[in-house]
Amino acid sequence: MRIDLHVHTWPKSQCSKINPKDLIREALRIGLDGFCLTEHQVLWDMEEVRKLAEENGVRIFRGNEFTTAQGDVLTFGFYEDIKEIITVSELCERVRAAGGFSIAAHPFRGFKTFGFGQLEMSLDQAGKKKILQFVDAVEIRNGRVTENENEVACAVARKLELRATAGSDAHELDALGTWVTVFDEELETEDDLVDALKSGRYSIETLR
């Protein structure tokens, strides 16, 4: 199953320009089997998501993107409504206690004008970024960062032996599917998604 794990819609994410119904049409057009709604510290209502999915024949999963003091974290299988900024250690502790899964979102975003070598930052130094000490996985392909930033994330995830995922981080419709996570099995429920993320039985592709 081709799933875009990282998508934002308007108005739940004010920074997004994507209407949910347009999102569904585009997802079907480009060959996505489903996507995850990961708004900024806003969780969709389950009944609202179920209705959208059933009416349009696409799998829709709920996630969340939390801003922590150490960086942004995608969570799945975690349903607490946290509005304040907390530490990544506290967030990930809560996620694990709930049986969920956490992913460091675009962990090296911001290195947009410097190369990895030009920063004179070793792989060991990059791997010591605090957020990486607590999450379950690293987003190594994100559609809104540079190729270099993605490559650094990929190298660090490999070194730390962390799971590696991908998502478009779409805020505009034409970004959907830039990077997708391809799961080996069919996913029906959010529990299925969490189990699959924990299993590591997936790969990464692009639909653009």
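Solvent-free Debye calculation, one equal scatterer per alpha-carbon of region 127-167: log10 I(q)/I(0) at 0.16, 0.24, 0.34 Å⁻¹ equals -0.34, -0.75, -1.24. Region 127-208 has equivalent-ellipsoid semi-axes of 20, 19, 10 Å, by the square roots of 5 times the alpha carbon gyration tensor eigenvalues, sorted largest first.
Calculate the FRET efficiency for R96 and R208 from the Cβ-Cβ distance with a Förster distance of 35 Å, rounded to the nearest 0.05.
Values: r = 33 Å, r/R0 = 0.95.
The calculated FRET efficiency here is 0.55.
How much net charge surrounds E172 when only other residues with a Cβ under 10 Å from its Cβ are counted (Lys, Arg +1; Asp, Glu -1)?
Numbers: positive: K17, R144; negative: D174.
Local net charge: +1.
For each pair in K129/K159; K83/K198; K83/K129, compute the distance between the two Cα atoms and list the pairs where it is over 18 Å. Those over the limit are K83/K198; K83/K129. Taking a ≥ b ≥ c as the square roots of the eigenvalues of the Cα gyration tensor of region 151-195, is the shape rounded (a/c under 1.5), prolate (a/b larger than b/c) or oblate? The shape class here is oblate.
Find the Rg to Rh ratio for the chain, where Rh is the Kirkwood radius over alpha-carbon pairs and Rg uses the same atoms. Mind dumping the intermediate values first?
Numbers: Rg = 16.0 Å, Rh = 17.0 Å.
Ratio of gyration radius to Kirkwood radius for the chain: 0.95.
Looking at the chain, what % of its DSSP beta bridges pair antiparallel, to the nearest 5? The answer is about 50 percent antiparallel. Along the chain, the exposed loop sites are GluC sites (Glu not before Pro) outside DSSP states H, G, I, E and B with at most 14 other Cβ atoms within 10 Å, and the longest stretch free of them is 1-79.
With the charge dipole of the chain set up from +1 on Lys and Arg Cβ and -1 on Asp and Glu Cβ about the Cα centre, the Cα lying farthest toward the positive end among the listed residues T87, V49, L23 is that of T87.
Taking the Cα centre of region 1-143 as origin, work out the dipole magnitude from +1 charges on Lys and Arg Cβ and -1 charges on Asp and Glu Cβ, in debye rounded to 20.
Details: 19 positive and 21 negative charges, 74 e Å.
My answer is approximately 360 debye.
Quick one: check the C-alpha center-to-center distance for region 157-208 versus region 5-36, whole angstrom. Each part's Cα centre sits 15 Å from the other's. Computed over the alpha-carbon atoms, region 5-122 gives an Rg to Rh ratio of 1.03, Rh here being the Kirkwood radius from the mean inverse distance. Phi angles across region 140-146 convert, under the Karplus curve 6.51 cos²θ - 1.76 cosθ + 1.60 with θ = phi - 60°, into 3J(HN,Hα) values of 9, 10, 10, x, 10, 10, 7 Hz, Gly and Pro given as x.
Relative contact order, whole percent, for the chain stands at 23, derived from Cα pairs under 8 Å and 6 or more residues apart.
With K and R counted +1 and D and E -1, the other residues having a Cβ less than 9 Å from that of G63 yield a net charge of -2.
Just so you know, all these numbers are worked out from the coordinates, no wet-lab data involved. Treat the numbers as computed from the prediction; the structure is a model and nothing was measured. Glycine also receives a Cβ, built like all others from the backbone with ideal geometry; neighbour counts cover every protein chain displayed.
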